[in-house]
Amino acid sequence: DLTLRSDELLMPGSVDLHVHVRGLGLSYKEDVSSATSEAAYGGVTLVGDMPNTHPYLNTAEAVLEKLREMERSRIDFVVYAGVGSETKKLDAMPIAGYKVFPEDLERPELEDVLSSSKLKILHPEVPNSLQGQRTLRALWQELASLRLVRGRFHVTHCTSKETVELAHGSGFTADLTPHHLLLHESDCWDKVNPPLRDETTRRALWDSLWVAEAVVSDHAPHLPEEKRWHYDICPPGIAAISFTTPFIYSLVFRGVLSVDRAVQLLSKGPATILGLKMGEIAEGFAANFTVVRREYWRYSTAYTKASHTPLDGYPLNARVTMTFVQGKVAFDGGEVYPVRGVNAIA
Ligand code: NCD
Ligand code: ZN
Ligand code: ZN
């Protein structure tokens, strides 16, 4: 029985297109249950899982193993594969698409991935490497000219307004992360990919909130001790899957964003990028929703093994008080429950 208070909104569950759930050989950093519990705590009802785990998800065998492991997911999910030599086999499997990392640009197998009809998730330009920027820009131009035959492309974690404009100009969709909107390179020493930008670039990125198709967390958990290593060897990544939804609804409660725009960024936009229609979500993914309360609190994570994030203590005006997956209570404001999520692509 669900009774809403006058300071609560009943919203569609958030779809986070870009999450490193980890698991398999990286379960010591994060596993399916810790990542998806953290997600339910943050109002996320569907995650897109990135392939850079151990083993790397670019073989049919590894992807099958991952899909089996994801049966423990407490929220709905999709899995992306990586660039490798088994794309033809992977194309026939229930995966959402492929993640193309900057390193993949050199690989001859990239060609098969680019000609797949599934979704391709691309990195934006890498600002600290001129070489990298040129290669990516050339790839984008090539893809833009061939996009009609080659299917859908999406540029993830754009760090500048220009990158979003370039993505849209190429006919691609684009997303942003809360940390690139909130943190700049000299007020945060946490290492993350793509790197945090200077203050002017960060401020200008806010213009993109009105045109980007989605907001993603790029939840990239590492153990607290790994994040204390020397900068040169410290693994990049900020673990904040539970931050995105209360952050975006804080902007709604502060009068910065409309409810429609928030739903677009958190649910409708990312669902459309995955090829899931809101109607299909309503039918096939019965009752994935979340309750958001207008409340002042300071952000903290709850279930991730990563524990530390630079967003710890960030003041928010919205808090997730309930999450429903497949019509069942996955988070009730106090505890998470082992609801069984499904593969949205299967
Ligand atoms: C990613 C991770 O940890 O998996 N880290 C990150 O900072 N986004 C890997 C990566 O994209 O470099
Ligand atoms: Zn990345
Ligand atoms: Zn990532």
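The values are calculated or read from the model by the stated rules, or taken from the named source; none is laboratory data. As the structure is a prediction and not an experimental result, all values here were calculated from the model. When we count neighbours, we look across all protein chains shown, and the Cβ atoms used for this are built from the backbone with ideal geometry, even at glycine. Surface accessibility is based on the protein's heavy atoms, side chains included, excluding ligands, DNA and RNA. Shrake-Rupley method; radii C 1.70, N 1.55, O 1.52, S 1.80 Å.
Normalising by the residue count of segment 14-88, find the relative contact order in percent from Cα pairs under 8 Å and 6+ residues apart.
In percent, rounded to a whole number, it is 36.
Quick check for me: using +1 on Lys/Arg Cβ and -1 on Asp/Glu Cβ, what's the dipole size of the chain about its Cα centre, in debye to the nearest 20?
With only Lys, Arg, Asp and Glu charged at Cβ, the dipole is about 420 debye.
May I ask you to derive the FRET efficiency for SER258 and ARG5 from their Cβ-Cβ distance with R0 = 25 Å, giving the value to the nearest 0.05?
0.70
Roughly how much of ASP232 is accessible, in Å² to the nearest 10, using a 1.4 Å probe?
Counting only protein heavy atoms, ASP232 exposes about 120 Å² to solvent.
Once ligands and nucleic acids are excluded and a 1.4 Å probe is used, how much of ILE248 is accessible, expressed in Å² to the nearest 10?
Counting only protein heavy atoms, the figure is 0 Å².
Tell me which of PHE289, HIS230, GLY169 sits at the most positive position along the dipole axis of the chain, charges placed on C-beta atoms (Lys, Arg +1; Asp, Glu -1).
My answer, from the dipole projection, is PHE289.
With +1 on each Lys and Arg Cβ and -1 on each Asp and Glu Cβ, how big is the dipole of segment 1-107 about its Cα centre, in debye rounded to the nearest 20?
Values: 11 positive and 18 negative charges, 42 e Å.
The dipole of segment 1-107 has a size of about 200 debye.
When the accessible area of the chain is computed with all protein chains present and a 1.4 Å probe, what percentage of it is carbon and sulfur? Before the final figure, lay out the partial values.
Numbers: 7310 of 13950 Å².
Heavy-atom surface of the chain belonging to carbon and sulfur, 1.4 Å probe: 52 percent.
Counting pairs of alpha carbon atoms under 8 Å apart in space and at least six apart in sequence, what relative contact order in percent does the chain give?
23 percent
Could you report the accessible area of LYS328 in Å², rounded to 10, computed with a 1.4 Å probe on the protein chains as they sit in the structure?
Its accessible surface works out to 120 Å², give or take rounding.
Tell me whether the chain comes out rounded, prolate or oblate; compute the Cα gyration tensor, take square roots of the eigenvalues as a ≥ b ≥ c, and use a/c under 1.5 as the rounded threshold.
Cα axes put the chain in the rounded bin.
I'd like to check one number: the per residue accessible area of the chain, probe 1.4 Å, reported in Å² as a whole number. If you can, show how the numbers build up before the last one.
Values: 13950 Å² over 346 residues.
Ligands and nucleic acids excluded, the result is 40 Å² per residue.
When we measure straight from the Cα of LYS118, which lysines land under 18 angstrom away, once same-chain ones fewer than 8 places off are left out?
LYS118 reaches LYS88, LYS89, LYS99, LYS277.
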